[in-house]
Structures are given as structure tokens and as C-alpha cells.
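Student: Have a look at this one.
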Amino acid sequence: MHLDCSMACADDRLPLTDELVAHRAARLAAVAEETARRVFGASTLRYVVGTEVPVPGGAHEEIAGLTPTPPERAEATLEAHRLAFTEAGLAEAWDRVVALVVQPGVEFDAVQVVDYDRDRARRLSRMIEGERLVFEAHSTDYQTAESLTALVQDHWAVLKVGPGLTFALREALFALAAIEAEIVPAHERSGLADVVDEVMLAQPRWWKGYYEGDEEAQRVARRYSYSDHVRYYWPDPRVSSADDRLFRNLRDHPVPLPVLSAHLPAQYARVRVQQLSADPVALALDHVRDVLRAYSHACTTEPARSLS
């Protein structure tokens, strides 16, 4: 359970102190523990604590770089939570805290990614080695496979990803729509990308304030940005209806392999060796799994080297 108390309440004085955040986390843990005992007879809950939780969906502004959490700050945060749990009578629950959220120096905005630099994070990585905990990293979306592996080797064993998955889903669906445009008569097409943009323009609350620039720059950002605010629109009835029509069309008009190769080459390769169905839903989900495969590889690769 992620005890995330780093966001301020309406009447809080800023910045929040570690002590206040830790006190609130302990209060949440106490409720969770009591509920687990009441419902299950005992608590075996595991917890993640920390105050370095970023704004959801990536940075609002363009970023040029990011500084990892100073190890002294991470130590202070950890100690504040340890003390708050003890004072709340939750010493046994503290033994089930498994991870601390810290910033390894990774982030993304609408158009760029700050990649992990293990040299800059070395002191922070060393800090956790005397503890029984691991680190949790947020905003690991769009890190390279090599960076994900390095993060795991450097004790960031919990890697959070969100928009990176929905970005891949959008890529796959728009690729399928491009295939549809090649093989389905115009009057039968779903027009998925255009439908999505029309709905986003009619209901701008989920992307306004995130995408800067003129009208053309915003149009490109709505469709392609790393922050992927398209994800908020997939449940819209018009969009989901266009999805359904896209899938029906590509089942009624089987995709020629050369066309599939042009738009979804990795999926084409798996279809060729009968590892994957050419059904449009299967193709889209497999493209999303390509992102998950990078995370799986990072978590199962033998360490290439130890920290020096």
C-alpha cells in the first residue's frame, strides 16, 4: 500500500515538513492495519512511504534536467516515518515497510525525457544499502531498457509506469487506423484519430494547461505528447464507438502482411513466426506489452556490474 501524503491540504502551510507527512502516513497505516485485522483477522500489508511523489502525468513545463534526492534528505524522510510509526504504536507495521520513494533524477514532459544518470545518483543509491528497504521510482516512463536495468541494479526495485503504457496503446490504435486508411474504403473508416481530436477539442479540461504553443503545436501535442492526455478520452462514447468500428473493419478486411510490417513491424515479426494473432486487438495489446517487456527484462537481468 502506497502511503502517499506528500500533497498539501487546502489549509496547509507550505512546504510540508517530513514530520507532518510522516504523521499523516502513520495515521493512514493505522486505519489500514485496523481494517485488515477486522476483515482478515490479521494484517500482512506491505507499505511504501516517502515524500518525493511527483505530479501525475509528467511535468507541466519543459524540463532540462533533474537533481536526484540528496541522500541526507532521504535519510531524514526515512527516520521521520520510522519515528512516526513508532509513536503511533505501529512498530510491527514498520517492519512491513518495503520501499522508500525518492527521485533518482528521471522525468518526462510533453516532448522530452530526462534519462537516468547513475553517476549522479550514486550517493543516493549507496544510502539505502544499510537498510532492509528498496527504493521506489516514479515517472520511469520512456526510460531506455538500459536505464531501467541500471535503476534496478542501483536499488530502485519498484518502478512506476503509467502514461508510457497508454502512450503505447495510442501508438498501436493510431497505427491500426493508418492501416485501415490503406485497405478500407473511405466511407467505411472509423476516422479514429480525427474523432479523438474532435472530442478533445470539445472537452479540453483534460489537456488544457499542459500543452503550450500555437494551435498547430497543440494539435501535435494532443496526439503525440509523452504526457498522453489522450488516455482520459478512451472511455468517451464517441471514441469507444470509433474503436469498435476500427476493430470490426480490420476483421472484415484482413491486414496484408506488408502493410502490417510498415506500421507495426515488431508485431509483424511475431505474426510471421506464429507467436501472435493478426487480430487487431491482439496486435494493440502486444504493442503495449513491448513496454512491459522492457520492465520485465530490467527486473530479471543479472547485474552487469556492481556499483563502484
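All of the numbers you see were taken from the coordinates with simple rules; none came from a lab. A quick note: this is a predicted structure, and the numbers were derived from the prediction, not measured. All Cβ positions, even for glycine, are placed from backbone atoms using ideal geometry, and neighbour counts span all protein chains on display.
Student: Considering only Ala284, Ala26, Ala181, give the residue with the highest GNM mean-square fluctuation for the chain, with springs between Cα atoms whenever their separation is below 10 Å.
Tutor: Ala181
Student: What does the charge dipole of the chain about its Cα centre add up to, to the nearest 20 debye, if the Cβ of each Lys and Arg holds +1 and the Cβ of each Asp and Glu holds -1?
Tutor: Using Cβ point charges on Lys, Arg, Asp and Glu, the chain gives about 780 debye.
Student: Follow-up. Rounded if a/c is under 1.5, else prolate if a/b is larger than b/c, else oblate: which is the stretch 170-308, with a ≥ b ≥ c the root eigenvalues of its Cα gyration tensor? Each step should come with its number before you reach the end.
Tutor: Working: a/c = 2.38, a/b = 1.14, b/c = 2.08.
Judged from the Cα gyration tensor, the stretch 170-308 comes out oblate (a/c at least 1.5, b/c at or above a/b).
Student: Normalised by the number of residues in the chain, what is the relative contact order in percent for Cα pairs under 8 Å and 6+ residues apart?
Tutor: That works out to 17 percent.
Student: Return the single residue from Leu192, Leu176, Leu28 with maximal mean-square fluctuation; model: Gaussian network over the chain, springs between Cα atoms under 10 Å.
Tutor: Between Leu192, Leu176, Leu28, it is Leu28 that shows the largest mean-square fluctuation.
Student: Let me ask you something else. Where Lys and Arg each count +1 and Asp and Glu each count -1, what net charge lies around Val49 among other residues with Cβ under 15 Å from its Cβ? Can you show the working numbers first?
Tutor: Details: positive: Arg24, Arg27, Arg46, Arg73, Arg82, Arg96, Arg132, Lys160; negative: Asp4, Asp18, Glu19, Glu33, Glu52, Glu75, Glu79, Glu87, Asp95, Glu131, Glu136.
Once all neighbours under 15 Å are counted, the net charge is -3.
Student: To the nearest 10 degrees, how steeply does helix 163-183 sit against the main Cα axis of the chain, on a 0 to 90 scale?
Tutor: Orientation of helix 163-183: about 0 degrees from the principal axis.
Student: What nm distance separates the two modelled labels at His297 and Ala36, each placed 7 Å from Cα along Cα→Cβ?
Tutor: 3.5
Student: Let me ask something additional. Would you kindly state how much longer the chain becomes between His187 and Ala91 on full extension, computed as 0.36 nm times their sequence separation minus their alpha carbon distance, in nm to one decimal?
Tutor: 27.9 nm
Student: What do you get for the angle between helix 71-87 and the principal long axis of the chain? Use alpha-carbon atoms, 0 to 90 degrees, nearest ten.
Tutor: Here the helix axis deviates by roughly 70 degrees.
Student: Specify the residue with the greatest mean-square fluctuation among Ala42, Ala266, Ala110, computed from a Gaussian network of the chain linking alpha-carbon atoms under 10 Å apart.
Tutor: Of Ala42, Ala266, Ala110, the Gaussian network model singles out Ala42 as fluctuating most.
Student: Could you please rank Met7, Met1, placing first whichever residue has the fewest other Cβ atoms within 10 Å of its Cβ?
Tutor: Listed from fewest to most nearby Cβ atoms, that is Met7, Met1.
Student: Tell me the relative contact order for the stretch 18-160 as a rounded percent, counting alpha carbon contacts under 8 Å between residues six or more apart.
Tutor: Relative contact order, the stretch 18-160: 26 percent.
Student: Applying the Karplus parametrisation 6.51 cos²θ - 1.76 cosθ + 1.60 with θ = phi - 60° to the phi angles of the stretch 44-50, what ³J(HN,Hα) value in whole Hz is obtained for each residue in order, glycine and proline being reported as x?
Tutor: In residue order, the calculated couplings are 10, 4, 10, 10, 10, 10, x Hz.
Student: Each residue of the stretch 11-28 in turn: what ³J(HN,Hα) in whole Hz from Karplus with 6.51, -1.76, 1.60 and θ = phi - 60°, glycine and Pro shown as x?
Tutor: 9, 6, 8, 9, x, 5, 7, 4, 5, 5, 4, 5, 4, 5, 4, 5, 4, 4
Student: Right, another one. Quick one: angle between helix 280-300 and the longest Cα principal axis of the chain, in degrees between 0 and 90, rounded to 10, please.
Tutor: The angle comes out at about 30 degrees.
Student: So who's got an amide H within less than 5 Å of the one on Glu107, skipping anything under 5 residues away but keeping other chains? H placed 1.01 Å off N, in plane.
Tutor: Val114
Student: Related question: Sequence-distant or interchain residues sharing an amide H contact under 5 Å with Ser277, placed H: which?
Tutor: none
Student: So how do Ser190, Ser240 line up by other beta-carbon neighbours within 10 Å, fewest first?
Tutor: Values: Ser190 24, Ser240 13.
So the residues, fewest neighbours to most, are Ser240, Ser190.
Student: Now for a different question. Could you give each residue of the stretch 148-158 its phi-based ³J(HN,Hα) in whole Hz, using Karplus coefficients 6.51, -1.76, 1.60 with θ = phi - 60°, and x for Gly or Pro?
Tutor: Each residue's phi maps through the Karplus curve to give 4, 4, 5, 4, 5, 4, 9, 5, 8, 8, 10 Hz.
Student: To make sure I understand, if each residue's beta carbon is the centre and we count other beta carbons within 10 Å, what order do Lys208, Lys160 fall in, fewest to most? Show your work: numbers first, answer last.
Tutor: Working: Lys208 11, Lys160 17.
In order of increasing Cβ crowding within 10 Å: Lys208, Lys160.
Student: In addition: So what's the net charge close to Ala88: Lys and Arg +1, Asp and Glu -1, counting the other residues with Cβ under 10 Å from its Cβ? Can you show the working numbers first?
Tutor: Values: positive: Arg27; negative: Glu33, Glu87.
Summing Lys/Arg as +1 and Asp/Glu as -1 gives -1.
Student: Something else: Select one label from (i) 1.03; (ii) 0.97; (iii) 1.00: the one whose number is Rg/Rh (Cα atoms, Kirkwood Rh) as derived from the coordinates shown.
Tutor: (i)
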